[in-house]
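Since the structure comes first, as structure tokens, the remarks are kept for the end.
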Amino acid sequence: MAMADVSRGALIQAVVSLAVTLLLMGAALFLSAGTLQWPHGWWFMAAFLILTIISMIWLWRVNPEIFVARSRPTGKGTKSWDILLLWILLASFPAILIVAGLDDGRFRGAPAPTWAVVLGHLLLIVGYLGTGWAQAVNRHFEPSVRIQSDRDHHVVTTGPYAYVRHPGYVFGTILFIGVALALGSLWALAPVALATLVLVIRTRLEDATLQCELPGYAEYAARVRYKWIPGVW
């Protein structure tokens, strides 16, 4: 089967997954909120849908193979330690939604000010653009950590990878913070903090794996010194 056909099938799968994700997100948000009359929830759902569609169209144009790479949570050679970390990360997103629904939608325990909600939507945009940029230049941007010997794994040095070694985690963290704030919840930053901690741990383990097992990565790491933030770490 041609790669174009495989990528098209993966794109269709991604569209179906988006529809299912929207249904599950809506359930998590509005069941925890206890009401459909929650403007922050609806504004977030609209922003998520629009940004996801824009991202999918962009990636289909510049790197359709990414839909194949992202279509499965794990692959051959996925590191055993990453399976646990991956499950925690996967659970953290619905946790953010549920906590936000309980906080801002139901109990109004720690409502975020309007400026923080606006900032949250701006961070959503930055997070989507950043992760999309990383995926656009990196055909190996898979969900799990593994050496992709079945996919000609090589070091990517263009795009955001010219500045930091793990831009996907940087922009993913920004995206998670944006979700919590866009939903008007400060308590939802608690699961964001957990997800960020897991991403830091995963970064260290993944970077060590790549330096040991991926040809050329150690030389790349010597040139691009920082993992997340230039001049910091």
Do we find a residue being at pLDDT 95 or above and farther than 22 Å from E206 by Cβ anywhere in the range 61-84? no
Which of the residues that make up the range 29-51 are among the polar types (S, T, N, Q) and open to solvent by less than 20 Å² (accessible area, probe 1.4 Å)? S32
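Suppose the filter is crowded, with 18+ Cβ neighbours inside 10 Å, assigned to a helix (DSSP H, G or I) and not basic (K, R); does L90 pass it?
no
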Taking interchain pairs and intrachain pairs at least six residues apart, which have beta carbon atoms under 8 angstrom, with the first residue in the range 132-148 and over 17 Å from P64 (Cβ atoms) and in contact (Cβ under 8 Å) with a residue 12 or more places away in the chain and the second of a type in the set (S, T, N, Q) and buried (at least 18 other Cβ atoms within 10 Å of the Cβ)? S144/T78; V145/T78; R146/T78
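With the requirement that a residue be open to solvent by 30 Å² or more (accessible area, probe 1.4 Å) and part of a helix (DSSP H, G or I), what does the range 136-156 give you? Don't jump to the end; show me each part of the working.
First, pick out the residues of the range 136-156 that are open to solvent by 30 Å² or more (accessible area, probe 1.4 Å): 137, 139, 141, 147, 149-150, 152-155.
Correct list: V137, S149, D150.
Yes or no: I98 in contact with a Pro (Cβ under 9 Å, 6 or more places away or on another chain), open to solvent by 20 Å² or more (accessible area, probe 1.4 Å), closer than 25 Å to F30 by Cα and in contact (Cβ under 8 Å) with a residue 60 or more places away in the chain? Show your work before the answer.
Numbers: in contact with a Pro (Cβ under 9 Å, 6 or more places away or on another chain): yes; open to solvent by 20 Å² or more (accessible area, probe 1.4 Å): yes; closer than 25 Å to F30 by Cα: yes; in contact (Cβ under 8 Å) with a residue 60 or more places away in the chain: yes.
Yes; evaluated as a whole, the condition is true for this residue.
Of the residues L49, L36, L90, L11, only one is more than 20 Å from L181 (Cβ to Cβ) and at pLDDT 95 or above; which?
Result of the check over L49, L36, L90, L11: L36.
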Taking F44 as the residue in question, decide whether it is assigned to a helix (DSSP H, G or I) and modelled with pLDDT of 95 or more. yes
Look through the range 104-132, keep the residues that are open to solvent by 80 Å² or more (accessible area, probe 1.4 Å) and among the aromatic types (F, W, Y), and return whichever of them is farthest from the chain's Cα centre (by Cα). F107
When the range 163-188 is examined, which residues are found to be part of a loop (DSSP other than H, G, I, E, B) and under 26 Å from V224 (Cα atoms)? Y163, V164, R165, H166
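The values are calculated or read from the model by the stated rules, or taken from the named source; none is laboratory data. Everything numeric in this text was worked out from a predicted model, so none of it was measured. With ideal geometry, Cβ positions are generated from the backbone for all residues, glycine too; neighbour counts draw on all protein chains shown. Protein only, heavy atoms only, side chains kept; ligands, DNA and RNA dropped before computing areas. Shrake-Rupley method; radii C 1.70, N 1.55, O 1.52, S 1.80 Å.
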